[in-house]
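Here is the structure we will look at.
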Amino acid sequence: MPDRRGEKFPNNRNHQISPQVDFPRANTHQFYPYIMNIFVTGASGRVGSHIIPHLVSRGHTVTGLVRSPQAAKKIEALGATAVIGDIADRELLKKHARESDGVVHCALNHKTNNLDAEHRDERVILDLLADELEGSGKALVLSSGSGTVRPGQDEHSPSDSSVLTRAKTEQAVLAYKDRGIRSIVVRLAMNTHSADEIHMFEALLLRTGKQTGFLPYLEGVHWSACHADDAGLLYVLALETAKPGTVVHAVQEFPELKEIVEVLGRKTNTNVRPITKDQINELNLGMVGIFLQLHQDFSTTWTRQTFGWEPKGQLLIDELNEASSAYFQAA
């Protein structure tokens with residue numbers, strides 16, 4: 001893929017921001033009115049693969065880190081340049097971070113079944129990326145989660161580390177702004193979904209149903225949801241114009257957990273039953289029990305107004321209702 005950085009977007013300027021950049025000038029929201037080369041980790045995943053088309057369609061170039069030739073073909077078809085490797089390869093990460101105009105970190109190892117360990121490893125990687133970007137004024141975007149946001153809070157509310165340890169990672173990334181890095185945190189909806197594959201949380205619910213004989217839910221609990229394509233667009237809008245230390249909420253809606261579970265039950269012929277918090281411990285639901293209690297209802301107004309973001313993708317309940325049997329069998 002040719003290097004197109006510096007071309008008009010919409011005017012022709014040097015693509016580098018000076019290390020002496022005066023960050024407070026960012027209230028103009030005009031950091032990158034030109035083409036960037038963005039390095040994306042986890043590029044073939046659900047979020048990464050929905051970020052790439054928006055970057056490419058807006059004139060940017062993308063280098064994506066993937067683990068396999070198959071994943072490389074996937075993102076190359078989207079218009080990205082693939083690099084086959086692993087986030088454990090520190091020198092590879094440093095090289096591509098250094099050569100980029102910004103980094104979007106989407107990769108996270110979900111195979112350990114130990115969230116604390118996963119988040120500790122992620123922090124090491126982010127600190128390494130920050131070391132490479134320090135003083136450059138370039139963007140470093142963290143894919144965080146909305147599980148750290150309490151009901152009634154907004155984008156300016158601090159993340160709650162008593163809920164999930166990843167909140168500490170989010171806080172650390174935001175502090176990178178003091179090191180001359182345009183740090184951005186995208187708080188993804190619990191269900192950042194797309195019709196090509198069932199989301200992890202719905203899959204966990206279905207697996208729980210196989211163990212318990214029914215799909216459990218708590219009355220009055222709402223989860224957050226957003227179509228992955230809408231979330232991908234928000235990443236790009238934030239990359240182009242966000243101030244250092246910015247948090248955005250990539251959330252489209254707050255469907256009721258009861259409604260989600262009822263659709264899952266109907267589509268898979270599984271019984272559905274409300275339970276209490278006490279029964280969560282009795283059923284030994286583990287991590288699923290934590291998510292069943294995670295009620296979400298917070299503001300996205302600042303994100304929508306600041307970046308002109310208007311999510312238009314398919315709603316979660318509609319996706320579940322229209323999905324084929326193969327969609328649910330993948331769980």
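Where a number appears in this text, it was derived from the coordinates with a stated rule and is not lab data. All figures in this text were calculated on a predicted structure; none of them were measured in a lab. All Cβ positions, even for glycine, are placed from backbone atoms using ideal geometry, and neighbour counts span all protein chains on display.
Laid out as a table, the results:
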| read-out | value |
| --- | --- |
| Which listed pairs, of Lys210/Lys258; Lys168/Lys258; Lys177/Lys243; Lys95/Lys138; Lys94/Lys168; Lys73/Lys138, have C-alpha distances above 21 Å, in listed order | Lys168/Lys258; Lys94/Lys168; Lys73/Lys138 |
| Kyte-Doolittle mean at least 1.6 and Cα axial length at least 24 Å: DSSP H helices in the chain | none |
| Cβ-placed point charges (K, R +1; D, E -1), dipole of the stretch 281-322 about Cα centre in debye, nearest 20 | 220 |
| Nearest-0.05 FRET efficiency for Glu76 and Glu262, computed from C-beta distance (R0 35 Å) | 0.30 |
| Ranked Trp309, Trp302, criterion: other C-beta atoms within 10 Å, fewest first | Trp302, Trp309 |
| For the stretch 114-201, share of DSSP beta bridges that run antiparallel, in % to the nearest 5 | 10 |
| Peptides ranked, highest mean first, by Cβ atoms within 10 Å: ranges 45-53, 118-126, 177-185 | 45-53, 177-185, 118-126 |
| Fluctuation leader among Leu239, Leu283, Leu174 - the chain, Gaussian network, Cα springs under 10 angstrom | Leu283 |
| Phi-based couplings in Hz for the stretch 78-86 (Karplus 6.51, -1.76, 1.60; Gly and Pro marked x) | 8, x, 9, 9, 8, 10, 8, x, 8 |
| Fraction of beta bridges assigned by DSSP in the chain that are antiparallel (%, nearest 5) | 10 |
| Computed FRET value (nearest 0.05) for Thr301 with Ser68, which takes r as the C-beta separation and R₀ as 35 Å | 0.30 |
| Most mobile listed residue (Ser224, Ser157, Ser143) in the chain, GNM with C-alpha springs under 10 Å | Ser157 |
| Whole-Hz couplings from phi, Karplus 6.51/-1.76/1.60, listed for the stretch 326-331; x for Gly and Pro | 4, 4, 7, 5, 5, 6 |
| Dipole in debye (nearest 20) - the chain, about Cα centre, beta carbon charges: Lys, Arg +1; Asp, Glu -1 | 560 |
| Ala117 versus Asp154: modelled label distance in nm, points set 7 Å from Cα along the beta carbon direction | 4.1 |
| Label-point gap, in nm, between Thr276 and Ser57 - each point 7 angstrom along Cα→Cβ | 5.0 |
| Simple Cβ-charge dipole of the stretch 115-253, Lys/Arg +1 and Asp/Glu -1, about Cα centre, in debye nearest 20 | 280 |
| Rg/Rh ratio calculated on Cα atoms of the chain (Kirkwood radius) | 0.97 |
| Estimated [θ] at 222 nm from DSSP helical runs (n ≥ 4, -39500 (n - 2.57)) normalised by residues in the chain, nearest 500 | -11500 deg cm²/dmol |
| Integer Hz, Karplus 6.51/-1.76/1.60 couplings in order for the stretch 307-318, x for Gly and Pro | 10, x, 8, 10, x, 10, x, 4, 6, 4, 4, 5 |
| FRET efficiency estimate (nearest 0.05) - Cβ-Cβ, Asp178 to Asp86, R0 30 angstrom | 0.50 |
| Inter-centroid distance (Cα atoms) of the stretch 220-243 relative to the stretch 285-315, Å | 9 |
| Among beta bridges that DSSP assigns inside the stretch 175-261, antiparallel share in %, nearest 5 | 25 |
